[in-house]
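Input: a single structure, listed below in structure tokens.
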Amino acid sequence: MKNGKQLSIFDIQLSPPSENDIPHIMQTTAKQQEPPKENRELCPYRIPTVEEIIKDFQNAATAYSAGKIFEDTIACGAIAVSNAVDFTKYDEREERYKQIMSGYRAEEQRKLPELFAKVFALLSSVVYDDGAFNDYLGEIFMRLNIANDKVGQVFTPFHIAELMARVTVGENAKTVQNEILSICDPCCGSGVMSLAALETLQNRGVNYARNVFIECSDIDIRCVYMAYLQLSLAGVPAIIKHQNTLTNEIWDVWKTPAFVMQYTRFYQYDN
């Protein structure tokens, strides 16, 4: 915590923004009467919109569909984040990264990191003053029409998840001293329910980066990647499992950087 604000271990520094780069959500209003900018933790880079990112994926779709490019981008992005902290899975995930990238030409290989940079910027913006929780990847996923219709894969809209979280999480929900609140999110999809719960807890004064642990699981590896990225870049201690929740068969386990870096605090959840 710094000045009472939530921080992420992924507070990267990009090129200083120009005046034209400051997004609308960061503009103050007279009613808010916020403190001067120099005393606020404004995001140091321009935050792209969901519409902009969707358009970028669609424009990148030449030899491949926008859906495939999105899936490979989030897969490589999740591997890159994981391999920065979880060395127990490094070799096999690095091999998977190389396998995905080998399917693209050189110019296309350069495009995927550029696309992920915008995804990274949007997802990590939640930790700044004007950042807001939202199911950004879930929305992009559905709007690119790559959901699995055969199994009825339809993600819950974030505003519905918000309502459910406010009803489920008690009004007096808070933590004392070193208490940890744990959340289980089976069949997590893109992580929308967990994100809504985090928003509710944060609004009630809970420091989720220290006092919340989330365990998610999903049978669709694309959902695992999305939930992992959204929770990782928000600085949430979490474990996301590629798992059949009904049979309890587990194929892989993804641990967020906040979990790995606070392992001595959350190790009891590593089973």
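The values are calculated or read from the model by the stated rules, or taken from the named source; none is laboratory data. Worth saying up front: this structure is predicted, and the values here are computed from it rather than measured. Here Cβ is always computed from backbone atoms with ideal geometry, including for glycine, and neighbour counts include all displayed protein chains.
Just a few scattered comments:
Here's the yes/no breakdown for (1) outside any helix (DSSP H, G or I); (2) within 24 Å of residue 235 (Cβ to Cβ); (3) modelled with pLDDT under 95:
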residue	(1), (2), (3)
59	no, no, yes
72	no, no, no
78	no, yes, no
93	no, yes, no
96	no, no, no
103	yes, no, yes
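- Checked against (1) modelled with pLDDT of 95 or more; (2) closer than 23 Å to residue 122 by Cα; (3) in contact with a Cys (Cβ under 9 Å, 6 or more places away or on another chain), residue 190 passes all but condition (1).
- Filter result (touching a Ser or Thr at 6+ places or on another chain (Cβ under 7 Å) and among the charged types (D, E, K, R)) within the stretch 91-147: 93, 135
- If you go through the stretch 99-110 and keep only what is exposed (fewer than 11 other Cβ atoms within 10 Å of the Cβ) and charged (D, E, K, R), you end up with 105, 107, 110.
- Any hit, the stretch 75-88, residues being over 30 Å from residue 263 (Cβ atoms) and under 16 Å from the mean Cα position of the chain (by Cα): no
- Residues in the stretch 203-219 that are part of a helix (DSSP H, G or I) and at pLDDT below 90: 203 only.
- Within the stretch 147-180, the only residue that satisfies the criterion of being modelled with pLDDT under 90, touching a Lys or Arg at 6+ places or on another chain (Cβ under 9 Å), surrounded by fewer than 17 Cβ atoms within 10 Å (Cβ to Cβ) and among the hydrophobic types (A, V, I, L, M, F, W, C) is 173.
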